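Undergrad: Below you'll find the structure I mean.
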């Protein structure tokens, strides 16, 4: 496997992935570079495993990886079935554990529920009694899907209907029903507080990452769209990365990609989310411009227990702006944005084989024209 070739995720998939688990919605967004792999419907899990057994008789399966939390259990099951070394999804599936570790010591409240009605009822109750906003969100969703703010005095019926509407919209993009619901304090100094994220990977305790700032968040059910700039303007990258490294240590992370999101409250950086996977949206593209390798490729290499560090090449004094095309949130724009996100969210698992005679066609690329990078003054 010539890892140096795979600077884009499309190249990696095209050359190395023998099978991709998909749902019916995935087929709408399927790009050319995935069509050489076996496409397996993951809604029939027993049938999917049987298909993988058939494939493995001809092509030895050496790894599996996924980009969404509710597919991590499938990665682990495939790893056990084929005696792989790839059970790397590990612990960050449990959002409650994350918040217990990172938020409780910072004196922020959170609660977990298994029933939507109970979660909404308590979110409305907490917000009113404590006279502060709370949020409700599914514990197993990513891409900021179905996060709903609940202000003091909110009407239960309205919040209940809005949350169900959001869940229904998410199901159109392949999200399953929520496993658990998180109700937590709304974090941020303002009604629309500034958000930051730190993304990268850690291998043998060495962290390689970038810090970014989110600007101009807009919402359409069930996702959010933002402009991302790197390095951040409102805080120093050093401050953000130092905080992330401390949180990584608290969570005992190693040999994995990571995605941390922060807001400021009373001058302190507070984590609002984190995961053991690459960030969604445009984040892998930002990382690629700064380090020369798509973060999704690194995620795949880590599933093979390969150190990605030698294949990264840091670019000094580089500034990036990433945003989707301008315009209103038309259906066409939603479709474009979702196509850019498809590998992170819609597919279940990617299955890597040992070798292939497939040639890499350099015309296949996922580096869409969605942003720019330049040297010199910070992004505006």
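Values in this text are rule-based calculations from the coordinates and carry no lab data. Because the structure is a prediction, the values reported are computed rather than measured. Every residue, glycine as well, gets a Cβ built from its backbone with ideal geometry; the counts of neighbours run over all protein chains shown.
Undergrad: Only counting other Cβ atoms within 10 Å, I'd like 205, 288 sorted with the fewest neighbours first.
TA: Working: 205 10, 288 23.
If I rank by nearby Cβ atoms, fewest first, I get 205, 288.
Undergrad: If I model a spin label as a point 7 Å beyond the Cα along the Cα-Cβ vector, how far apart are those points for residue 266 and residue 60 in nm?
TA: Distance between label points: 5.7 nm.
Undergrad: Where does each of 295, 102 land when they are ranked from fewest to most other beta-carbon atoms within 10 angstrom?
TA: On the way: 295 29, 102 20.
By the 10 Å Cβ count, ascending, the order reads 102, 295.
Undergrad: For residue 130 and residue 255, calculate 0.36 nm times their separation in residues minus their Cα-Cα distance, and state this gained length in nm to one decimal.
TA: Details: separation 125, 0.36 × 125 = 45.00 nm, distance 4.04 nm.
Fully extending the segment from residue 130 to residue 255 adds 41.0 nm.
Undergrad: Once the convex hull of the alpha carbons of the range 249-297 is built, what does its volume come to per residue, in cubic angstrom? Please report the intermediate quantities before stating the final value.
TA: On the way: hull volume 5.1 nm³, N = 49.
In the range 249-297, the Cα convex hull volume per residue is 104 Å³.
Undergrad: Going by a ≥ b ≥ c, the root eigenvalues of the Cα gyration tensor, does the range 149-214 fall in the rounded group (a/c under 1.5), the prolate group (a/b larger than b/c) or the oblate group?
TA: Details: a/c = 2.78, a/b = 1.58, b/c = 1.76.
Oblate, since a/c reaches 1.5 and b/c is not below a/b.
Undergrad: Full extension from residue 39 to residue 118: what is 0.36 nm times the residue separation minus their Cα-Cα distance, to one decimal in nm? List each step's numbers first, then the result.
TA: Working: separation 79, 0.36 × 79 = 28.44 nm, distance 3.85 nm.
Extending this stretch completely gives an extra 24.6 nm.
Undergrad: Let me ask something else. Say R0 is 45 Å: what FRET efficiency, to the nearest 0.05, do residue 176 and residue 246 get from their beta-carbon distance?
TA: Details: r = 33 Å, r/R0 = 0.74.
Computed FRET efficiency for residue 176 and residue 246 comes out at 0.85.
Undergrad: From Cα pairs below 8 angstrom and at least 6 apart in sequence, can you work out the relative contact order of the range 121-212, rounded to a whole percent? Provide the component values of the computation, followed by the final result.
TA: Details: 119 pairs, mean separation 25.6, N = 92.
Once divided by the residue count of the range 121-212, the mean separation gives 28 percent.
Undergrad: For 118, 322, which order do you get if you count the other beta carbons within 10 Å of each Cβ and list the fewest first? Intermediate values should be presented prior to the final figure.
TA: On the way: 118 13, 322 21.
Fewest-to-most Cβ neighbours within 10 Å comes out as 118, 322.
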